[in-house]
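Bear in mind these aren't lab numbers, they're just calculated from the coordinates by the rules spelled out. No experiment lies behind these values; they were computed from the predicted model shown. Ideal geometry is used to build each Cβ from the backbone, glycine not excepted, and the neighbour counts take in all protein chains shown.
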Amino acid sequence: MKITIQTPGFDASKELRAFVERNLMKFEKIRVPIMEAQVCLKTNSGTNFQNRLCEIKLMIPGNDLFASNESATFEIAIHGAVDALRHQVDRLRTQREKPRAMED
């Protein structure tokens, strides 16, 4: 899976980029062919202390999945977005497996 990380307005550290990649590589164990993951990490301006935003788009043949999460740190925001995508991928996988089970 190809992983693209965008960080408009700041330079992400190697550690943060590695953290994103480690979390997304967990999707490779799932039997859904993910072609690409596009990640955007942003800092939202404002007075809210939860101003770190992570947006992730997974490109899957026939479907694109999207999740975003805002939190106090990028790490927590990344975990939240990945968790939301994990639920979406599970639903997609279940939908794709149902017709096969009915044919048997």
Relative contact order (percent) for the range 1-74, with alpha-carbon contacts under 8 angstrom and 6 or more residues of separation? 29 percent
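Work out which chymotrypsin sites (Phe, Trp or Tyr not before Pro) in the chain are exposed loop sites (DSSP not H, G, I, E or B, at most 11 other Cβ within 10 Å) and give the longest gap free of them.
Looking at the chain, 50-104 is the longest stretch - no exposed chymotrypsin sites (Phe, Trp or Tyr not before Pro) with at most 11 other Cβ atoms within 10 Å.
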How big is the charge dipole of the range 4-104 about its Cα centre, in debye rounded to the nearest 20, if each Lys and Arg gets +1 on its Cβ and each Asp and Glu gets -1 on its Cβ? 140 debye
On C-alpha positions alone, give me the angle between the axis of helix 14-25 and the longest principal axis of the chain, in degrees, nearest 10. 20 degrees
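For the chain, take the convex hull of the Cα atoms, compute a quarter of its surface area, and give me that in nm², please. Could you put the intermediate results ahead of the total?
Values: hull surface 28.0 nm².
Answer in nm², one decimal: 7.0.
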Which of the lysines could a cross-linker bridge to K42, judged by Cα under 27 Å and excluding same-chain residues fewer than eight apart? K2, K14, K26, K57
Once the Cα gyration tensor of the range 1-50 is diagonalised, semi-axes √(5λ) in Å: 25, 12, 10
Full-stretch length increase - Q50, T4 - with 0.36 nm per residue and alpha-carbon distance subtracted: 14.2 nm
Pulled fully out, how much extra length does the chain show between R22 and T73, if you take 0.36 nm times their separation in residues and subtract their Cα-Cα distance? 16.7 nm
